[in-house]
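Every number in this text was worked out from the coordinates using simple rules, so none of it is lab data. This one's a predicted model, so the numbers in the text were calculated from it and none came from an experiment. Note that we place each Cβ from the backbone using ideal geometry, even for glycine, and neighbour counts take in every protein chain shown.
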Amino acid sequence: MSSETLGPLVETGWLEEHLDDEKLRIFDTTAFLVPQPGGTYRAESGLDQFQEQHIPGAGFLDLTGELSDSSNPLPFMMPGDFRFSETVAAKGVSDDSFVVLYSAGSMMWSTRVWWMFRAFGLDTVAVLNGGWEKWQREGRPLSSEETACEAGTFEAEARIELFAGIDEVREAINDDSVCTVNALSPEVYRGEGPMHSGKPGHIPGSHNVYHQDLVDPDSGTFRDSFVLKELFAAVGAFEKDRIILYCGGGIASTLDAMALLLAGHERIAVYDGSMREWSGNPEMPVVTGPDP
């Protein structure tokens, strides 16, 4: 297995063939969104499900806890580089590891951690295309045993350009070189229905590419790259030098990030705070209605 083996996606057959590779580290990153009164939601760790059954050799990375900045009131915010390095190294990740991530329910949980690894300097990281459901559906090996591995040595090298802050997003409203994309459903984007992340609507000037439209509903895998490119080209993304992606809390937007990379656009940033941060700031405008 060489560094060229891992692109941003790996298939279930490939992973089963490489389960015993010495440098491979597999992680379940599942979390679940639980709707709350008032149209918001809370996230629950998927650890209990992981402990019942998982891919052989896999560990668990908890986005709701150990991979979030506990000092920030917003959920899922990026931890510092030292904490991230310490967490993943304790679970066997080294600078020369090959990391494969998967999740249940939606690939957005694994694409979020994939984007985090990339932001901290590890390129040999991939998402399992189709996730846990595809692995199960195909009758591939399962385990309930705890995975023990020696601690690794991982030194983060932050790539700050992969994440955007609130000031950059505000400046992008009037910047013709930037395309800002909302990854939430068309209804949530327009400000319709009960679900929102603080306030109904979207950031002015942003366009909508729904993250679920990027995945084939039957197979649960990403659509072909030419289809992905058409979806983003329709909102003018490929005419811009830089794309900023956002959603409710910086999770679903990473599914858009993966799709853009597969479609051939690499100048991408994820707005970490997304609508939870934006809506909480009274100085930041929010608009409703369809995609302009």
task = State the antiparallel share, in %, of DSSP beta bridges confined to segment 9-158, rounding to the nearest 5.
result = 30
ask   = Roughly speaking, what is the stretch gain from Glu145 to Glu86, that is 0.36 nm per residue apart minus the C-alpha to C-alpha distance, in nm to one decimal?
value = 18.9 nm
request  = Find the all-direction average of the projected area of the Cα convex hull for segment 33-90, expressing the result in square nanometres with one decimal place.
outcome  = 5.2
task = Please arrange Tyr246, Tyr271 by counting, for each residue, the other beta carbons lying within 10 Å of its beta carbon, fewest first.
result = Tyr271, Tyr246
query = Regarding segment 141-203, what whole-number volume in Å³ per residue does the convex hull of its Cα atoms give?
reply = 247
message = Of all beta bridges DSSP finds with both residues in segment 161-279, what is the antiparallel percent, to the nearest 5?
response = 10
ask   = So what J values fall out for segment 12-27 if you push phi through Karplus, 6.51 cos²θ - 1.76 cosθ + 1.60 with θ = phi - 60°, rounded to Hz, Gly and Pro as x?
value = 4, x, 4, 5, 4, 5, 10, 4, 9, 5, 4, 8, 7, 10, 10, 9
request  = Evaluate the Debye formula for segment 5-141 with equal point scatterers sitting on the alpha carbons, no solvent, and hand back log10 of I(q)/I(0) at q = 0.11, 0.16 Å⁻¹, in q order, two decimals.
outcome  = -0.38, -0.80
ask   = Using a Förster distance of 30 Å, how high is the FRET efficiency between Asp291 and Leu74, based on the Cβ-Cβ distance and rounded to 0.05?
value = 0.70
inquiry  = Given contacts defined as C-alpha pairs under 8 Å and at least six residues apart, what's the relative contact order of the chain, whole-number percent?
reply    = 20
message = Rg/Rh for segment 72-125 to two decimals, with Rh computed the Kirkwood way over all alpha-carbon pairs.
response = 0.96
message = Please list 3J(HN,Hα) in residue order for segment 118-135, calculated via the Karplus relation 6.51 cos²θ - 1.76 cosθ + 1.60 where θ = phi - 60°; whole Hz, with x for glycine and proline.
response = 4, 5, 9, x, 9, 8, 7, 9, 9, 10, 6, 5, x, x, 4, 4, 5, 4
remark   = Scalar couplings 3J(HN,Hα) for segment 276-292 by Karplus 6.51 cos²θ - 1.76 cosθ + 1.60 (θ = phi - 60°), nearest whole Hz, x for Gly and Pro, are 5, 6, 4, 5, x, 9, x, 7, 9, x, 10, 10, 10, x, x, 4, x
inquiry  = Taking R0 as 22 Å, what FRET efficiency do you get between Ala234 and Glu133 from their Cβ-Cβ distance, rounded to the nearest 0.05?
reply    = 0.20
inquiry  = For a protection proxy built on the mean count of beta-carbon atoms within 10 angstrom, sort 18-28, 253-263, 65-75 highest first, please.
reply    = 253-263, 18-28, 65-75
Cα gyration tensor shape for segment 233-292, rounded if a/c is under 1.5, else prolate or oblate = prolate
note = As straight-line cross-link partners of Lys229, the qualifying lysines (C-alpha separation under 22 Å, not fewer than 8 residues apart within one chain) are Lys240
request  = Would you please give the residues with an amide H less than 5 Å from that of Asn208, counting only those at least 5 places away or on a separate chain, with H modeled from the backbone geometry?
outcome  = Asn182
query = What number, in percent, do you get for the relative contact order of segment 161-279 if the mean sequence gap of Cα pairs under 8 Å and at least 6 apart is divided by its residue count?
reply = 34
key: For Val215, distant residues with modelled amide H under 5 Å away   = Arg223
request  = Collect residues whose amide H, placed 1.01 Å from N in the peptide plane, falls under 5 Å from the amide H of Val100; neighbours closer than 5 in sequence don't count.
outcome  = Arg25, Ile26, Phe27, Ala126
task = Run through the DSSP bridge list for the chain and note the antiparallel percent, rounded to the nearest 5.
result = 25
ask   = Under the Kirkwood approximation for Rh and a Cα-based Rg, what ratio Rg/Rh is obtained for segment 161-279?
value = 0.94
